[in-house]
Structures are given as structure tokens and as C-alpha cells.
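What follows draws every value from the coordinates through simple rules; no lab data is involved. Source: prediction; values computed, not measured. Here the Cβ is made from the backbone with ideal geometry for all residues, glycine too, and neighbour counts use every protein chain on show.
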Amino acid sequence: MKNFFLLMLFATAMVMVSCSSDDDNNTQRVAEAEVFEQYANLVLDSYQAAFDDAVMMKNTIDAFVANPTEGNMTLAKNAWLTARESYGPTEAYRFASGPIDVIGEEEGPEGLLNSWPLDEAFIDYVEGAPNAGIINDPASFPDLSKTFLEGENGNGGEENVSIGYHAIEFLLWGQDNDDPSALTAGDRPFTDFVDGGTAENQDRRREYLVTCADLLLDHLQILLDQWATGGPYRATFLANERDVNLSQILTAIATLSKSELAGERVFVAYDNRDQEDEHSCFSDNTHRDLRLNFEGIRKVYLGINGSKIGPSLHDLVEQEDATLAAAIIAQMDLAQKEVEDTAIPFDFAISDDAERPQVLLAVNALRDLGDRFVEAGTLLGVSVSTDIP
């Protein structure tokens, strides 16, 4: 009987050890290496989608330039809007010390892709200055090659943007000088691109537009090459210490949420009541920029890559502190609601007295979400910043 009792104690102890071991395995069910692999795949697939849409846009621009009709201009505009849909979420990869921002000792291509705000008069005519811009000064700027236009980007000031998505946007839409209450975008006539049509230097305007579209593909290809399987940055990223990657990924979405999105992209325009400060001011597409940038944050945190939901930062946080994980999700849902409730178009939202309070709600919700990501970093033992470098 005594031996039986000892055997029962031993069996119970073994069950308890087994259960404890199972619990430990459950709490470690998502490995950090799996999270990093999922992130790398998400980044690559996102840039591939942006590249593919940029190719489609390039093709429609080529068709428009070859036959500049109103219908073909509309197709080119629609292609630009589509291209922004895939590029917008990739903003969540900025501020992570990745190749979008820095490659080795050199700057990455971000400033060549998405710089704003843009001084329209640096590129083309504006209201009251029909001869402004590189396009209208062939004597000083005879060369509209890719090398030249890339070299002019930021030359003389950060608002001297010569290439990228917003240069293409300006060339297609022109200035938006209407009162925001009109709810209208820029309305450049297609005849600006027709020989003998409106505005001078139509041939140079066509060449400039095509060159910008070509450069966009070149700069997106840089990112694809870096993140491709076996690519130089992907290899470095996957070999990093866990603290490095966790800190960089969380810093990226925390900074985008609190400082870049809430601050630079929303509050600055809100505070100034100036549509020139909005991200896509020519096309009035800023409302989509904001929603897509936020979508990128959500995808990174939850490990969402298309229909594939993989190991995520959220899993790592939840394994350590389910309460904090739930609080982050709740704040993320609130921020999404406040962003989506912001009026369309954005220049109307920041200028109309009845709509402005909602803009501020979105700002505050995004700021609080950034702070929550800092808490997640602390929980995981890494430092997370929300300051724009």
C-alpha cells in the first residue's frame, strides 16, 4: 500500500511536470524568428504589389503621352490612384532602419519616391506664373533625363521635389486652387500635353511625365532587390539579434503612428488649415493616404500578408501580457475608427469648423497608439522610439 501511494505521488508529479511543460510550450508557441520571417515576406510582397501597380501606371502614362486625349488622361489618373493603394501601406516600413531609408552609408530611395510637400513652381507653371518650372525653362534645363531629374530632387530646398509619386500627381492633376468647400481636386486640362494646346512646352511636359514614371520603377526595384530572397538587406535582417529587429519594427510603426501620421501628415495641416500641407493635395487623395498608412501599421502588428495571417508582434505581446495585448488592439480599433470617420476630402476636413474636431480625435488616437507600441517594446525588453530621425 505504501509503495502504491508512492507510485501515485510520482505519477501525479509527472503529470504536473508534463502539464507545466505543455503550458511553457504554449506560451512560446510563436517564435520570434517566425515573426521576423513573416515580416520580411510582408515587406517583399508589399513592394512587389507597389511595383506591379507602378508598371501598370507607367503603361497608361505611355499611352496617354502617345495619344494625349481626355480619356487617356483619365486612365492615367486612375492608374495613379491605384498605384497609391499598394504603396500607401508600405509607409509602415519606414523608420525601421531598412533600405527604404538607408542602404549602407547612403540614403535609401524614400525621398525619391514619396517626398512632399511639393513646390509646384519648381516643376511647371502655376497660377500667376505661366513660365515657372523646369519644364518651361529649356534654356537652363535642356536635359530631362532620369539622371538629371533625380539629381534635381531636393536641390535648393526640401520642397524642390522633382520626381516621385507627387510629381506625377501634380503633372496629371495640376494645382488645386479651389476652396476646400468645393470638394474638388486639381483640374489640369489634357491639352497641356497636346502640341499647340494649352500652356507652352507640351513636348517637354510629356517627356517629364514619362521620365518620372520610369524613375519610379527604378527606385521601387531597389527595394525589391534588397528584400528579395537572398537579397542583401533581407539576409542582414534575418541574421539580426532579436532585440534589434523587435526594436526597429516597433519603432517604425510607433513613429509612423504618433509622429509622422498623427503629427506631420495630419496635425500640421490641421493646425495650419492649409491644403498645401496635405499629402496628396493635387488629387485630393489624402484621405486614402491616411487610411492606407494606418492599414500598413495594422498589417505589421498583426502579421497580415494578404490572406496569410502569420506569426506577429501581437502574438509575442499576448504571450507575455494578455491585458496589454488587448489594450493595444482596442486602441488600434479606436484609431482606425477615428481615421475613417474623418471627412472626405481631407482639405475640407481640416478647414470646416464642424469637421475639425474629428480630425483632432484621429490625431489623439494615433498618438496614443504610438505610445502603446512603446509599452509593447518595454514588455518585450527593447527600446522603442516615436521620434522622427
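Annotations
- Contour minus Cα-Cα distance for residue 244 and residue 225 (0.36 nm per residue): 4.7 nm
- One chain, two ends: residue 131 and residue 67. Fully extended at 0.36 nm per residue, the span grows by 20.6 nm beyond their Cα-Cα distance.
- Each Lys and Arg Cβ is given +1 and each Asp and Glu Cβ -1; about its Cα centre, the stretch 163-252 then shows a dipole of about 420 debye.
- In terms of its C-alpha gyration tensor, the stretch 164-236 has an oblate overall shape, because the principal axis ratio a/c (a ≥ b ≥ c, square roots of the eigenvalues) is not below 1.5 and a/b does not outweigh b/c.
- Computed over the chain: relative contact order in percent, which uses C-alpha pairs under 8 Å that are six or more apart: 21 percent
- The amide H of residue 162, built 1.01 Å from its N in the peptide plane, has 153, 154 as neighbours under 5 Å, considering only residues 5 or more places off or on other chains.
- Once the Cα-Cα distance is subtracted from the 0.36 nm per residue extended length, the residue 74 to residue 59 segment shows a gain of 4.1 nm.
- Cα-based shape type of the stretch 95-208, given that a ≥ b ≥ c are square roots of the gyration tensor eigenvalues and the cut on a/c is 1.5: oblate
- Shape of the chain, Cα gyration tensor, a/c cut at 1.5: prolate
- Cleavage-rule hits (GluC sites (Glu not before Pro)) in the stretch 72-143: DSSP loop, at most 13 neighbouring Cβ within 10 angstrom: 105, 127
- Peptides 244-254, 145-155 ranked from most to least packed, by the mean per-residue count of other Cβ atoms within 10 Å: 244-254, 145-155.
- Degrees, to the nearest 10: 202-227 long Cα axis against longest axis of the chain: 20 degrees
- Ranked by the mean number of other Cβ atoms within 10 Å of their residues, highest first, the peptides 325-331, 211-217, 181-187 fall in the order 211-217, 325-331, 181-187.
- Cα-based Lys pair tally, the chain, threshold under 26 Å, eight or more apart or on separate chains: 8
- Degrees between helix 70-87 axis and first principal axis of the chain (Cα, 0 to 90, nearest 10): 30 degrees
- Once the C-beta distance of residue 368 and residue 273 is scaled by a Förster radius of 22 Å, the resulting FRET efficiency is 0.40 to the nearest 0.05.
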